[in-house]
1. Assign one of three labels to region 1-55, namely rounded, prolate or oblate, based on the Cα gyration tensor with a ≥ b ≥ c the square roots of its eigenvalues; rounded applies when a/c is under 1.5, prolate when it is not and a/b is larger than b/c, and oblate otherwise.
2. Sum up the charges of everything whose Cβ sits under 13 Å from the Cβ of A224, counting Lys and Arg as +1 and Asp and Glu as -1, but leave A224 out.
3. How far apart, in nm, are two points set 7 Å out from the Cα along the Cα-to-Cβ line at N200 and at V176?
4. At a threshold of 8 angstrom on Cα-Cα distance, excluding pairs fewer than six apart, so keeping six or more, what relative contact order does the chain reach in percent?
5. If you roll a 1.4 angstrom probe over the protein chains with everything in place, what fraction of the accessible area of region 33-92 belongs to carbon and sulfur, to the nearest %?
6. Just the projected area, averaged over all directions, of the convex hull on the alpha carbon atoms of region 43-150: how many nm²?
7. Taking H as built 1.01 Å from N, whose amide H comes closer than 5 Å to the amide H of S5, not counting residues under 5 places away?
8. Can you give me the distance in nm between label points at Q87 and E28, each placed 7 Å from the Cα along the Cα-to-Cβ direction?
Amino acid sequence: MIKVSVVGAKGRMGSHVVEAVNAAPDMELALALDAGDDLTAITPANTDVVVEFTVPSASLNNVLTLIGQSVDVVVGTTGWTPDKLAQVRGVMSAQQSVFIAPNFAISAVLADYFARVAAPYFESAEVIEMHHPDKVDAPSGTAIHTAQGIAASRKAAGLGAMPDATQTDGGSRGQVVDGVHVHAVRLRGLNAHEEVLFGNAGEQLVLRADSFDRTSFMPGVLLAVRKVETGEYPGLTVGLDNFLDL
Ligand code: NAP
């Protein structure tokens, strides 16, 4: 049995993780901690892997504390910058594993991957992300990542700029990320959705990923726990695509 502790266990994501760990046949819940709890209660004696879903302002300190406790960590909290990632790398021992996934939804990770595969074959590509109106950032980090991947694939294939005769734009063409237009919709009733549109003369390909609720993230979280626990991924790994054999 993999002993899993959850930090942020009372939060929306953390409480789903607690349920998913309790339901997993190969895992047992060790400690479920939240704001105000002492993370040094987590030790290799009681925990194999910690899952951390808290808030961006707390996550780095939590991860640094957990590294100090010599346990492996799976992180879902957003807001990781290159500087924060460097701080994590700087304090890790050679055998330790820290895994950070900006998006644990397998549908979203695959759509992102397929977009990179499709990108060289189309003259035009645009990204539309759609979320609930309580989301504070736009466009989503996943949509930016998808656009960057499309741009990198197009560049590697020697493709130039996309056709676009727009001369007046009051903002309706969206944010341009490495030459790829990204549009953000905020609508009550939605959760997290992304469409990638590819076009050639006379044909279109649409990739669409829908996360209808938070349960969509749990298979990815459990996969990450199992992969990290093997000890085969020492160091800092970012992105669930690393665990999907793509
Ligand atoms: P949430 O409902 O606000 O939960 C966060 C929990 O962390 C709360 O219970 C909070 O307690 C607790 N917390 C705050 N500071 C803490 C600390 N220093 N130590 C331990 N616990 C602390 O948020 P959420 O919706 O679960 O989202 C959590 C994070 O996951 C966000 O960054 C979100 O963007 C991200 N997320 C990632 C994915 C992905 O696929 N990677 C998917 C969805 C969400 P208090 O309320 O008492 O402060």
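1. Working: a/c = 2.51, a/b = 1.13, b/c = 2.22.
Taking the square roots of the gyration eigenvalues as a ≥ b ≥ c, region 1-55 is oblate.
2. Once all neighbours under 13 Å are counted, the net charge is -4.
3. 2.6 nm
4. On the way: 468 pairs, mean separation 55.4, N = 246.
Relative contact order for the chain comes out at 23 percent.
5. Solvent-exposed carbon and sulfur of region 33-92 make up 53 percent of the total.
6. On the way: hull surface 34.5 nm².
For region 43-150, the mean projected area of the Cα convex hull comes to 8.6 nm².
7. A30, L31, D48, V49, V50, V51
8. 3.5 nm
The values are calculated or read from the model by the stated rules, or taken from the named source; none is laboratory data. Nothing here was measured: the structure is a model prediction, and the numbers come from that model. Counting neighbours? That spans all protein chains shown, and the Cβs are built from the backbone with ideal geometry, glycine included. Areas reflect the complete protein model, heavy atoms only, side chains present, ligands, DNA and RNA absent. Shrake-Rupley method; radii C 1.70, N 1.55, O 1.52, S 1.80 Å.
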